[in-house]
Amino acid sequence: MTRELTQVPHRDDDCRPATPWQRIAETFRAWRTRRHEHAPPTSDTESPAPEPVPGANTLWRMRTTVQDEPGSLAALCTALAGHRVDILSLQTHPLAVGTVDEFLLRGPAGLPSSAITTAVESAGGTDTWIERADAHDLVDAPTRVLGLAARTALDAAELPLALRQLLGRCTIRSRPAPIGGGRVPGGLLVEGALDDTVMRLRAPEGGVITVERPYLPFTPTEFARARALVELDARLGPRLPHGRDELTLAEGSDITVRRADTRDLEAARAMHERCSAHTLKLRYHGPLGDADRYLNHLLSPRYGRTLAVQTASGRIVGLGHLLWDGDETEVALLVEDAWQRRGVGTELLGRLVGMAVEAGCSSVYAVTQASNTGMLAAMRGLGLPLDYQVEEGTLVITARLGEPVVTGAEEIGRASAP
């Protein structure tokens, strides 16, 4: 994963005026943009090549466009063989004119990418793109697509992650349907739209999913695969893993930790009503009236995963959100006042971080205030390296996920049999 994979979890794209909470979110996004500028992936030829190891090999992913005529593929194979490069797999993406051939290659460790590109272009390839690959790329395309479909079928929150794994480094943004049941923005056709490096897909809930990959144009084949994955999500409707854990806190109270979504909206609003103004302000950083307004957005599996803590009577007393936002996935907690300092927040945070590790995230961040001692203690309790940044009075704590966190997240995060 790279910093280019960006989800926007707290944004409403309708025409209403920005709230103070939205302005804070925009300020923080601007800070992250300055900290990690978005750019195409760096070419391997720009960094010094490592010392070659006798008998070692390097894996490469490469795309090139060739004429759709007999002998064109044979010419490429011959050129690659001349550099002792093996073709491990090949996919073809037909175009209106020509064909995009996608290769998984294995070449000598000392062979630079520029030599491979030169050989391919001398054999008739054009618009050649190449990058380093790893062992994960050895899985063939049909197997990978079926695995992504299975993950999406079990958990609605998997769709953004599945699209990223299907399409590689890309920016994914979800735009909700207009308030009041208006038409989809831009009059998008049901089947979506493809425009070179941007594809737009009709979201299952009526909005639009936009996927951008500036460094490599999408092919019609990739567009069809992404559309099929979104259509599968739409047909299956709302769904969550069935796993849940029953725990006893240190002070003796029994709680249940489970996944939550928009079907828990009313119970979450009821928890808001029981929370003090101070607790809500620490969580939402803006006018208290905005808290309920954004709950439906935060509970949506389109933007991440939510865990709920409920009592033996079924009352929700804590919510934890893991919101997809590229490498620096956001974690956010809200615990009802009467249940604070009992270990509920620590339990939620540990499970959310475990989910982030499982999803392949390299870090998580929390946006809070220096006065929020509970969140500070919970982040420090993770036992992970922490970075602190202050932006206009807002404290951003980033935890680097170097090692898996041992929690019960796998039981809650993954689907189990009904």
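An oblate overall shape is assigned to segment 84-148, the ratio a/c of its alpha-carbon gyration tensor axes (a ≥ b ≥ c) being 1.5 or greater and a/b not exceeding b/c. A full extension of the chain between V97 and N296 corresponds to an added length of 67.1 nm, given 0.36 nm per residue minus the alpha carbon distance. In segment 75-165, the portion of solvent-accessible area held by carbon and sulfur atoms comes to 59 percent [1.4 Å probe, whole percent, DNA, RNA and ligands not counted].
Using a Förster distance of 22 angstrom, determine the FRET efficiency expected from the C-beta separation of L88 and E121, and round it to 0.05. Walk me through the numbers on the way to the answer.
On the way: r = 21 Å, r/R0 = 0.95.
FRET efficiency, L88 to E121: 0.60.
Of the GluC sites (Glu not before Pro) found in segment 223-278, the ones in coil according to DSSP and having at most 12 other Cβ atoms within 10 Å of their Cβ are E251. Here the Debye sum runs over all C-alpha atoms of segment 307-394 as equal scatterers in vacuum, and log10 of I(q)/I(0) at q = 0.12 Å⁻¹ comes out as -0.36.
With R₀ set to 35 Å, the beta-carbon distance separating A312 from L138 gives a calculated FRET efficiency near 0.15.
The values are calculated or read from the model by the stated rules, or taken from the named source; none is laboratory data. Keep in mind the model is a prediction, meaning the values are calculated, not measured. Glycine also receives a Cβ, built like all others from the backbone with ideal geometry; neighbour counts cover every protein chain displayed. The accessibility values were calculated without ligands, DNA or RNA, using every heavy atom of the protein model including side chains. Shrake-Rupley method; radii C 1.70, N 1.55, O 1.52, S 1.80 Å.
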